[in-house]
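The values are calculated or read from the model by the stated rules, or taken from the named source; none is laboratory data. Quantities reported herein were computed from a predicted structural model and do not represent experimental measurements. Cβ placement follows ideal geometry from the backbone for every residue including glycine, while neighbour counts extend to all protein chains displayed. All accessible areas refer to the heavy atoms of the entire protein, side chains included, with ligands and DNA or RNA removed. Shrake-Rupley method; radii C 1.70, N 1.55, O 1.52, S 1.80 Å.
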Amino acid sequence: MARSLLPQTTAWEPAPNADHFLLCLFKKRNDNVEVRLQARKFINDLEQSMKDWSGKIQLRSDRPENWDIIDGRDNFIEPNHMNPAIFDFDSVLLAGFRTPETVHTWWNCDQVFELMKWRDSIEKMGIFTIDGLLPAFDLNSKHRLSFGDKLMLFEFFKLESFRPMQAYLDGYKRFAASALKDCGTTCNLLFGEGISSVLMNEFPVEAACASSWRTRSDMISWYDSHNYQKELFPLRYEYARYFTLSMQIFEDRLDELNKAKKAVSTGSKLKSLMIQ
């Protein structure tokens, strides 16, 4: 089966200005309010250190209650104590750097060294580098509203057999490149590779894919396509432990939407009272 997935057409090739991605996963301690605030501050400070070294923040998500879990839930929330979840993180930070050397310079700088002394509020942390296929988009850019994609689809893997999963990743890139022709939607694949280097290894991530999408229906139409379900999914199911989920790229917009909904609801109640 793996042999059939070797690229027969041109796979997605890296853009000339493709960035090198830094994937950070965190599981925060939840002892009390103070510890939760300390955990958030730690991640905020780590994010700021990336910006100080010209890192572009592609995504930051701290609200697992808003994540759309597509597959592999048992690897996120353990079904029982005999089968512990291996991807039980509750915060994700994705950044882009121009070169692998810049990433390692950031990681070895005094700022990060001092910061790591204060990670007590973080129960588990994984920091990985991955070769990218596209340039990162900075959420802090003044042009952020021109970025049309709203969702990020992630897949995380712990490999149980290397060759079939390498075929999976090759096929993933090939089918992403032909998504518009095959199912009428554009798949902006940021990366689909094995981990390039491990800076902090407290989650067993050995390969990962990330793609951005305009709508959930576009994303699901690709996920439910024949190429994915018949060619890719059997390999993933047989040869890896995995977790597939999507999350909002602009998570802060959820606050704005919730505030707007609350304001509309409050206004409607007031109007109803006035009528009475």
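Points to keep in mind about this one:
- Across region 222-232, the qualifying residues are those that are in a helix (DSSP H, G or I) and surrounded by fewer than 16 Cβ atoms within 10 Å (Cβ to Cβ), and the one among them that is nearest to the chain's Cα centre (by Cα) is Gln229.
- Considering region 235-256, and only residues there that are among the aliphatic types (A, V, I, L, M) and at pLDDT 85 or above, the residue that is farthest from Ala207 (Cα to Cα) turns out to be Ile249.
- Set Leu190, Leu199, Leu180, Leu139: member being at pLDDT 95 or above, hydrophobic (A, V, I, L, M, F, W, C) and open to solvent by 10 Å² or more (accessible area, probe 1.4 Å): Leu199
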